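Novice: This is the structure I want to talk about, given as structure tokens.
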Amino acid sequence: MFWNSREEEMTRDDIEKLQLELLVRNIDYAYENIPFYRDRFDEKGIKAKDIKSLKDLQNIPFTTKDDFRNNYPFGLFATDMKKIVRIHASSGTTGKPTVVGYTKKDLETWSNLVARIAVAAGVTDNDIVHIAFGYGLFTGGFGLHYGLEKVGASVVPASSGNTKRQIMLMQDYGATVLVCTPSYALHIGETAQKLGIDVHKDLKLKIGLLGAEPWSNQMRKKIEERLGLKAYDNYGLSEVMGPGVAGECEAQDGMHIAEDNFIVEIINPETGIPVEDGEYGELVVTPLTKEALPIFRYRTRDITRIKKDRCLCGRTFARMDKPIGRTDDMLIIRGVNVFPSQIEEVLFSIEGISPHYQIILERDGALDKATILVEANANLFFDEMKKQRQFMDRINAELKSALGIEITAKLVEPYSIERSEGKAKRIIDKRKF
Ligand code: DLL
């Protein structure tokens, strides 16, 4: 099903023509309205009239989170505050949050793009949608909310927290779609199980519209088993809009990127140079239709790759793979680069482990040391030492064979790892710098 097939089936030529036209327009618009970009463009001699092809985008410098911080809070806005009708912010772990603003037109664009990804995952106006994303400065709650109302679904704005109550509401209102982070979906499933709820009989969930954090396909399987639904991934980030940038269709072969609203590039994160088609690297996004915040070449720090071959669903927009992680979450253990999602893929494929883990980073002399805390399933031989040791040896051997490095896994009591109601905290960094 398509939200708007005229847009979603554009030819590659038409997509690129539209992107170039919007890019040129945006360069003029930003020059006129944002002093930060005027100075940047003057410094580099960038003029809209010199942009003749999409390749010329590469002459424009990247925009980074630091640029947002240095212009905190509203310095990158292209419109005066009178036209801004909504503000969101991304918390981040350090420093000031990144502040983003939306005009009425931006909110309209945003809800259309979210409607598009929801419909691609099979949501219709017959669905009852339970949104368990936090409503607040985070773009997840409100972003999904307006898009799903646009689809015509019955939206339940439950927000996050109080998991037992969430389950009661889903049961009583007959929710067919669950919207939240993958880690919270898993926690909801686990809590339902503890409450003795039969997800197939007592709940009516069909679709999980999950995103906002990296998650492996192994985790997808666990969520599907626990909640009795089909889980779809969607991606976005507040700096370029929020959710709605990309989402999976029913073919589930990557997330279709809204290329009529964003230009995406994949670069080598060290050199900044675009990689060959289809290779992994850092995703860089240029929004094309934002009125309040028309930024250029935003470095997302997310590592993924892009496919442009035709998808079974008929949509022509390129697809991005599930991001394997963020450059800032990459662990370097004895010289080998590892992302938490690679560790997750191994752990979740082992029978007997509950799908919750945490990585503790410590300094061992000059080297980084990682210990992975894993939970055994509640029914697993917790009192038999010998079996426990064999089990841990197996986990460590599987990690070594998949990742090529020795990482120590440590078994912890069932339910002892903190459950997340939003984005999961996978890494506890105890290193002192
Ligand atoms: O997380 C927007 C969002 C809300 C997307 C709801 C999907 C659903 P931020 O809080 O600014 O925005 O965080 C953006 O989250 O750069 C990625 O690192 C990560 N991220 C978002 N979606 C995915 C995903 C929202 N599907 C940051 N897979 C991004 C992996 C994701 N990582």
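Just so it is clear, none of the values below were taken in a lab; they were calculated from the coordinates. In this text the structure is predicted, and so the values were computed from the model without any measurement. A quick note on method: Cβ atoms are made from the backbone with ideal geometry, for glycine too, and the neighbour counts reach across all protein chains shown.
Novice: Under 5 Å between amide hydrogens, which residues at least 5 positions from GLY242 or on another chain qualify, with H placed 1.01 Å from N in the peptide plane?
Specialist: Amide H to amide H, under 5 Å and 5 or more residues apart or across chains, GLY242 pairs with LEU237.
Novice: Follow-up question, since we're still on this one. Under 1.5 on a/c is rounded, so check that first for segment 81-166, then, if it is not, pick prolate when a/b is larger than b/c and oblate when it is not; a ≥ b ≥ c are the square roots of the alpha carbon gyration tensor eigenvalues. Don't skip to the answer; put the middle values down first.
Specialist: Details: a/c = 2.31, a/b = 1.25, b/c = 1.85.
Since a/c reaches 1.5 but b/c is at least a/b, the shape of segment 81-166 is classed as oblate.
Novice: OK, next. Using only alpha-carbon positions, what ratio does the radius of gyration of segment 331-429 give when scaled by 2.2 N^0.38 Å? Present the calculation step by step, with values, prior to reporting the outcome.
Specialist: Details: Rg = 13.4 Å, N = 99, 2.2 N^0.38 = 12.6 Å.
Compared with the compact-globule rule of thumb, segment 331-429 sits at 1.06.
Novice: How much FRET efficiency would the formula 1/(1 + (r/R0)^6) give for GLU398 and ASN268, where r is the Cβ-Cβ distance and R0 is 35 Å, rounded to 0.05?
Specialist: Efficiency, from the Cβ-Cβ distance: 0.70.
Novice: Next question. For ALA185, what is the net charge nearby, where nearby means another residue's Cβ is under 13 Å from its Cβ and Lys, Arg count +1, Asp, Glu -1? Don't jump to the answer; show the numbers that get you there.
Specialist: Numbers: positive: ARG220, LYS221, LYS222, ARG226, LYS230, ARG419, LYS423; negative: GLU190, GLU213, GLU224, GLU225, ASP233, GLU421.
Around ALA185, the surrounding residues sum to +1.
Novice: Calculated FRET efficiency, LYS83 and ILE360, Cβ-Cβ r, R0 56 Å, to nearest 0.05?
Specialist: Details: r = 47 Å, r/R0 = 0.84.
Computed FRET efficiency for LYS83 and ILE360 comes out at 0.75.
Novice: Could you give the spread of the C-alpha atoms of segment 191-324 along their three principal axes, from largest to smallest, in whole angstroms?
Specialist: Cα extents, longest axis first: 52, 32, 31 Å.
Novice: For segment 233-308, what class follows from the C-alpha gyration tensor (a ≥ b ≥ c being the square roots of its eigenvalues): rounded when a/c is under 1.5, otherwise prolate if a/b is larger than b/c, else oblate?
Specialist: Details: a/c = 1.87, a/b = 1.04, b/c = 1.80.
Note, shape of segment 233-308 comes out oblate.
Novice: Related question: Positive end of the dipole of the chain, charges at C-beta (+1 Lys, Arg; -1 Asp, Glu), about the Cα centre: which of GLY122, LEU367, GLY335 has its Cα farthest in that direction?
Specialist: The residue sitting most towards the positive pole is LEU367.
Novice: If I model a spin label as a point 7 Å beyond the Cα along the Cα-Cβ vector, how far apart are those points for ILE332 and ASP50 in nm?
Specialist: 3.5
Novice: Filter LYS104/LYS230; LYS164/LYS230; LYS52/LYS322; LYS104/LYS206; LYS164/LYS206 down to the pairs with a C-alpha to C-alpha distance above 28 Å, please.
Specialist: Too far apart for the 28 Å limit: LYS104/LYS230; LYS52/LYS322; LYS104/LYS206.
Novice: At 20 °C and 1.002 mPa s, what whole-number value in µm²/s does Stokes-Einstein give for the translational diffusion of the chain, with Rh from the Kirkwood sum over Cα pairs?
Specialist: Details: Rh = 22.9 Å.
Using the Kirkwood radius from Cα pairs, D works out to 94 µm²/s.
Novice: Residue separation times 0.36 nm, minus the C-alpha to C-alpha distance between LYS369 and GLU276: what's the value? The partial results should precede the final answer.
Specialist: Working: separation 93, 0.36 × 93 = 33.48 nm, distance 3.34 nm.
The span from LYS369 to GLU276 would gain 30.1 nm if fully extended.
Novice: For LYS230 and GLU406 in the same chain, what is the full-extension length gain: residue separation times 0.36 nm, less their Cα-Cα distance, in nm? All intermediate terms of the calculation are to be shown ahead of the outcome.
Specialist: On the way: separation 176, 0.36 × 176 = 63.36 nm, distance 3.46 nm.
59.9 nm is the gain from fully extending LYS230 to GLU406.
Novice: Relative contact order, percent, of segment 1-126 when contacts are C-alpha pairs under 8 Å separated by at least 6 residues? Can you show the working numbers first?
Specialist: Working: 92 pairs, mean separation 32.0, N = 126.
So the answer I get is 25 percent.
Novice: How big is the dipole moment of segment 158-230 about its Cα centre under a simple scheme where the beta carbon of each Lys and Arg is +1, that of each Asp and Glu is -1, and everything else is neutral? Debye, nearest 20, please. Don't jump to the answer; show the numbers that get you there.
Specialist: On the way: 11 positive and 7 negative charges, 18 e Å.
Dipole magnitude for segment 158-230 comes out near 80 debye.
Novice: Could you work out the relative contact order of the chain? I mean the mean sequence separation of Cα pairs under 8 Å and 6+ apart, divided by the number of residues, in percent. If you can, show how the numbers build up before the last one.
Specialist: Details: 872 pairs, mean separation 60.5, N = 433.
Rounded, it is 14 percent for the chain.
Novice: Right, another one. Run through the DSSP bridge list for segment 331-429 and note the antiparallel percent, rounded to the nearest 5. Walk me through the numbers on the way to the answer.
Specialist: Numbers: 13 of 21 bridges.
That works out to approximately 60 percent antiparallel.
Novice: For the pair LEU137/LEU169, report the inter-label distance in nm, with labels modelled 7 Å from Cα in the Cβ direction.
Specialist: Placing both labels 7 Å beyond Cα along the Cβ direction yields 2.3 nm.
Novice: Taking only Cα atoms, what is the 0 to 90° angle, nearest 10, from helix 217-227's long axis to the longest principal axis of the chain?
Specialist: Orientation of helix 217-227: about 70 degrees from the principal axis.
Novice: Find how many whole Å separate the alpha carbon centroid of segment 363-433 from the alpha carbon centroid of segment 62-106.
Specialist: 38
Novice: For the chain, what is the calculated [θ] at 222 nm in deg cm²/dmol (nearest 500), taking -39500 (n - 2.57) for each run of four or more DSSP H residues and dividing by its residue count?
Specialist: Numbers: 12 runs with 138 residues, N = 433.
Value at 222 nm, helices only, nearest 500: -10000 deg cm²/dmol.
Novice: For the chain, give the magnitude of the charge dipole about the Cα centre (Cβ charges: +1 Lys/Arg, -1 Asp/Glu; no others), in debye to the nearest 20.
Specialist: Values: 60 positive and 64 negative charges, 146 e Å.
Approximately 700 debye in magnitude.
Novice: Listed here are the pairs LYS222/LYS423; LYS369/LYS423; LYS44/LYS307; which of them are more than 20 Å apart at the Cα? Kindly include the intermediate steps, with their values, before the conclusion.
Specialist: Numbers: LYS222/LYS423 17 Å; LYS369/LYS423 24 Å; LYS44/LYS307 32 Å.
Violating the 20 Å limit, Cα to Cα: LYS369/LYS423; LYS44/LYS307.
Novice: Using mean Cβ contacts within 10 Å as the protection proxy, how do 101-113, 385-397 order, highest first?
Specialist: Details: 101-113: 20.2, 385-397: 13.4.
Order by mean packing, descending: 101-113, 385-397.
Novice: I've got another one for you. Set Lys and Arg Cβ to +1 and Asp and Glu Cβ to -1, take the dipole of the chain about its Cα centre, and tell me which of PRO269, VAL177, GLY140 lies farthest positive.
Specialist: Of the candidates, GLY140 comes out farthest on the positive side.
Novice: Full-extension gain between SER5 and ASP39, please, as 0.36 nm times their residue separation minus the C-alpha to C-alpha distance. Walk me through the numbers before you get to the answer.
Specialist: Working: separation 34, 0.36 × 34 = 12.24 nm, distance 4.01 nm.
My answer for the length gained is 8.2 nm.
Novice: While we're here: By per-residue mean of other Cβ atoms within 10 Å, what is the highest-first order of 36-48, 164-176, 339-351, 128-140?
Specialist: Numbers: 36-48: 14.4, 164-176: 17.2, 339-351: 19.2, 128-140: 22.1.
Put in order of decreasing packing, that is 128-140, 339-351, 164-176, 36-48.
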